[in-house]
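What follows is a single structure, written as structure tokens, with notes after it.
The values are calculated or read from the model by the stated rules, or taken from the named source; none is laboratory data. Since this is a predicted model, take the numbers as computed values, not measurements. Ideal geometry is used to build each Cβ from the backbone, glycine not excepted, and the neighbour counts take in all protein chains shown.
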Amino acid sequence: MKKLALHWQILIGMVLGVLAGFLAVEFNGTTFIEDWIKPFGTIFINLLKLIAVPLIIASLLNGIADLQDISKLSKMGGRTIVIYVVSTVVAITIGLLTVNLIQPGYTIAEDTREDLLENYATDASGSIEVALSQKDDGPLKPLVDLVPDNIFQAMTDNGSMLQVIFFVILFGIALILIDPKDAEPVKKFVKGLNEAVLKIIDIIMLGAPYGVFALLAALVVEAPSLDLFQALLWYALCVLFGLAIMIFIIYPVAAKLITGFSYRRFFNGISPAQLLAFSTSSSAATLPVTMERVTEHIGVDEEVSSFVLPIGATINMDGTSLYQAVAAIFIAQALNVDLTFSDQLMIVVTATLASIGSAAVPGAGMVMLVIVLGSVGIPEAGLALIFAVDRPLDMCRTVVNVTGDASVSMIVAKSLNKLGVPKVKNLDDYYHKE
Ligand code: ASP
């Protein structure tokens, strides 16, 4: 019998997970979910994370070493960065338009606002502290952070992916520059390593439907009460509306216009990565799957995907920047802080930088939001207002972050003539070889 395609399996896992969570809340099974189901979700995320650094090393090195000449690398790098910045600014503009039109901050009742500020003040102060300590570091700190003083130490920390990328690019350039005879055995080794890492991802993905089931069941039992969701409904809808425009209009239309991909082909190609981004709230954990989908199913040459995607996962966060813009204005409205047009322009600049600085892990965008708030004089304590609904919004903005990376990789590949026929046209053939 033919098995169901992977994205359907994941979707079913998600729906059943949510159902199981609600049933557990209803019938006192919360501890059961926490003790016996949640650990499988944690194992699944760990599996994805454990392969992220080996994947970046093997595939980026494999891609760069094949380039044969440095000018190709700088051309690809330049395009990637420019398109990433443009897509982020587009996202923030959409966020600002939405929140200025809907004005969700004025709908929140006085007593709800006070309740929220009181309930979440301690949680918010943790995030504020983390962000402020980063803010004190001086303007060139991100540049200094890019260069590790010990590559092995960097490789042991998933938060240091940019440092690993920096080293791998350096190593790849060296491989291009040395005598091809000497480079050959290293390239062969890297190629084999890359194949093995990709195979590990296939194996991990077999567990995806079960992993997302566990993750979502645990999320539902740990979620705050529905009342708070209702109070923040307009704010949440604003963020979701902006994110939906990115996912369903901006990316697929840009892909169609620039690469000729149909709507269906676009979503068929990347939907498993989107579903995983939703379930894990982490672009870094989703990276292995994004790479695999874009390369094998969309047909982006590995040379491009192995370069564009790891960088995108760490610096290109369109969903996060859109959310930061909406959240900043929402908090300003709720706390009656007047913002001028130039304040809003300032938000465009700081949200771009804050999203670049956000780590690709759950909740990171909210921590960096403090910097956006501070830049235009909105009280940082306002963060407490939006804490209650942050997790579901995080899940959705991560989908946008991942979709954005995948779309940019398609566009860069097209511009370099590196968008070919995907190795795998049908998901079923790939995951369920008979
Ligand atoms: N969770 C997001 C990501 O990994 C970052 C954020 O918190 O916005 O892409």
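Listed here are the residues, each with its yes/no results for (1) modelled with pLDDT of 95 or more; (2) in contact with a His (Cβ under 8 Å, 6 or more places away or on another chain).
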{"position": "L275", "(1), (2)": "yes, yes"}
{"position": "A285", "(1), (2)": "no, no"}
{"position": "T290", "(1), (2)": "yes, no"}
{"position": "G319", "(1), (2)": "yes, no"}
{"position": "A332", "(1), (2)": "no, no"}
{"position": "V337", "(1), (2)": "no, no"}
{"position": "D343", "(1), (2)": "no, no"}
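Residue check: is S282 more than 20 Å from the chain's Cα centre (by Cα) and among the polar types (S, T, N, Q)? Here the answer is no, as S282 does not meet what is asked. Against the conditions (1) in a helix (DSSP H, G or I); (2) touching a helix residue (DSSP H, G or I) at 6+ places or on another chain (Cβ under 6 Å); (3) of a type outside the set (S, T, Y); (4) over 22 Å from V402 (Cα atoms), where does P148 fall short? Just the number, please. The failed condition is (1).
I'd like to know if the stretch 315-326 contains one or more residues that are more than 16 Å from the ligand (Cβ to nearest atom) and of a type outside the set (A, V, I, L, M, F, W, C). Break it down stepwise before answering.
Our first condition is that a residue be more than 16 Å from the ligand (Cβ to nearest atom); within the stretch 315-326, this holds for none.
So far as the stretch 315-326 goes, no, none of its residues is more than 16 Å from the ligand (Cβ to nearest atom) and of a type outside the set (A, V, I, L, M, F, W, C).
Apart from one condition, A381 fits all of (1) buried (at least 19 other Cβ atoms within 10 Å of the Cβ); (2) over 22 Å from M291 (Cβ atoms); the exception is (1). Screening the candidates V400, V367 for the property of being under 12 Å from the mean Cα position of the chain (by Cα), aliphatic (A, V, I, L, M) and near the ligand (Cβ under 10 Å from one of its atoms) yields one hit, V400.
Between residues in the stretch 28-41 that are in contact (Cβ under 8 Å) with a residue 12 or more places away in the chain and residues that are polar (S, T, N, Q), which pairs lie under 9 Å by C-beta distance while being six or more apart or on different chains? Every condition considered, the pairs that remain are G41/S279; G41/T280. The selection criterion, being at pLDDT below 80, under 25 Å from M246 (Cβ atoms) and within 24 Å of the chain's Cα centre (by Cα), holds for S127.
Within the stretch 328-355, which residues are crowded, with 19+ Cβ neighbours inside 10 Å and out of contact with any Gly (no Cβ under 6 Å at 6 or more places or on another chain)?
A328, I329, A332, Q344, I347, T350, A351, T352, A354, S355
Filtering the stretch 354-364 to residues that are under 13 Å from the mean Cα position of the chain (by Cα) and either among the polar types (S, T, N, Q) or more than 6 Å from the ligand (Cβ to nearest atom) (or both) leaves S355, I356, G357, S358, A359.
Within the stretch 315-339, residues that are of a type outside the set (A, V, I, L, M) reach partners that are part of a helix (DSSP H, G or I) and more than 16 Å from the ligand (Cβ to nearest atom) with beta carbons closer than 6 Å, at six or more positions or on different chains, in the pairs F330/P104; F330/G105; Q333/G105; Q333/Y106.
Results for (1) under 19 Å from A328 (Cβ atoms); (2) crowded, with 19+ Cβ neighbours inside 10 Å, shown as yes or no for each residue.
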site	(1), (2)
I70	no, no
L73	no, yes
G78	no, no
S125	yes, no
P148	no, no
F152	no, no
T156	no, no
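If the condition is being buried (at least 17 other Cβ atoms within 10 Å of the Cβ) and closer than 15 Å to S279 by Cα, then the stretch 24-39 contributes I37, K38.
Assess whether V304 counts as being touching a Gly at 6+ places or on another chain (Cβ under 8 Å) and surrounded by fewer than 24 Cβ atoms within 10 Å (Cβ to Cβ).
Values: touching a Gly at 6+ places or on another chain (Cβ under 8 Å): yes; surrounded by fewer than 24 Cβ atoms within 10 Å (Cβ to Cβ): no.
When the stated conditions are applied, V304 does not pass them.
Quick check, is I83 surrounded by 15 or more Cβ atoms within 10 Å (Cβ to Cβ) and farther than 18 Å from S375 by Cβ? Taking the combined requirement at face value, the residue satisfies it.
Sub-9 Å Cβ pairs linking a first residue in the stretch 344-373 that is among the β-branched types (V, I, T) to a second residue that is within 14 Å of the ligand (Cβ to nearest atom) and not in a helix (DSSP H, G or I), at least 6 apart or interchain, are I356/N316; I356/M317; V361/S281; V361/S282; V367/S358; V367/A359, ordered by first then second residue.
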